[in-house]
Amino acid sequence: MPAGGRPADEAFVRFEGVTLDYAHDGRAVRAVEDISLSVRRGEFVVIAGPSGCGKTTLLKTAAGLVRPTRGEVRVGAAAVAGPLKIVGMAFQNPILLPWRRTLDNVLLPLEIVAPYRERYRREQAAYAARARELLAAVGLAGFEDRFPWQISGGQQQRASLCRALIHQPELLLLDEPFGALDAFTREDLWQVLQTLWMERRFTVILVTHDLREAIFLADTVYVMSARPGRLVSRTPVDLPRPRTLEDTFTPAFTATYHAIRRQVGEGRP
């Protein structure tokens, strides 16, 4: 049973023998090789590993943005054959449109992505209320009318999380969303994300270089080798929730950190 006391449901996301090659200077370069792993519905999974090992590539295959060379990714009952509407994504760069205010940036996916467009046109007030509720949940109440250049980097990343969640996705894919932030802001956002996840129980796959971040947030941490990325290990994180920053200094947290750190080292060339 994952941390938080949820039952062990059958897999919601499945990577089945996923290998992906891409073209570079006229030759094929293998990004990931023979990746098989599963993610339960409502589970928080972190994929860690050295730079360039294919972590982001796996996220793209789960979102349907790229197709594996071999193998397949399944979300729910179906193989992923193209971009999925049930996915929310956030990246290291918040990518907020500078001419739109915070609230309007959060609502953007509802305006441009089918099948949400028609419903949004009919229920704009209800969706705006949902966006304000999300912004309040991440500490941005009162910042709805600010432009991106009027708020900090950490506040922009909070808005980016809200935008990724506004359409109530079943699967949230996070590509090092806190990597460019200072340590204090990053740790604050760990707690924000943990709270959102515990309240809403969407399924999460996060990629990161930060092992403290991985252990703080994850039910399960997977470690990948250097390119071509292969799975080196799977480590359940058996720590109670909600986790606090003080927990990161406990013997149990430290032991988990060192165990996973050794696995990352074994995955290097």
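The values are calculated or read from the model by the stated rules, or taken from the named source; none is laboratory data. This structure is a prediction, so every number in the text was calculated from the model and none was measured. Methodologically, a virtual Cβ is constructed for each residue, glycine included, from the backbone with ideal geometry; neighbour enumeration extends over all protein chains shown.
Remark: pairs (first residue in the stretch 104-123, over 18 Å from PHE147 (Cα atoms); second residue part of a helix (DSSP H, G or I) and among the polar types (S, T, N, Q); Cβ separation under 9 Å; 6+ apart in sequence or on different chains) = LEU110/GLN124.
Going by the structure shown, is THR61 more than 26 Å from THR185 (Cβ to Cβ) and either part of a helix (DSSP H, G or I) or modelled with pLDDT of 90 or more (or both)? Steps first, please.
On the way: more than 26 Å from THR185 (Cβ to Cβ): yes; either part of a helix (DSSP H, G or I) or modelled with pLDDT of 90 or more (or both): yes.
In short, yes.
Among the conditions (1) modelled with pLDDT of 95 or more; (2) under 23 Å from LEU245 (Cβ atoms); (3) among the small types (Gly, Ala, Ser), GLY154 misses just one, which is (1).
In summary, VAL29 fulfils each of the numbered conditions (1) surrounded by 16 or more Cβ atoms within 10 Å (Cβ to Cβ); (2) among the aliphatic types (A, V, I, L, M); (3) over 23 Å from GLU10 (Cα atoms) with the single exception of condition (1).
Residue count for the stretch 143-168, restricted to those that are part of a helix (DSSP H, G or I) and under 15 Å from the mean Cα position of the chain (by Cα): 9. Residues of the stretch 95-152 that are within 20 Å of THR195 (Cβ to Cβ), surrounded by fewer than 18 Cβ atoms within 10 Å (Cβ to Cβ) and of a type in the set (S, T, N, Q): SER152 alone. On the stretch given as the stretch 229-249, residues that are in contact (Cβ under 8 Å) with a residue 40 or more places away in the chain and assigned to a helix (DSSP H, G or I) total 1. Exactly one residue out of ALA252, ALA226 is farther than 30 Å from PRO68 by Cα and not in a strand (DSSP E or B): that is ALA252. Residue check: ARG227 meets all listed conditions (1) closer than 28 Å to THR19 by Cα; (2) surrounded by fewer than 19 Cβ atoms within 10 Å (Cβ to Cβ); (3) more than 20 Å from the chain's Cα centre (by Cα) but one, namely (2).
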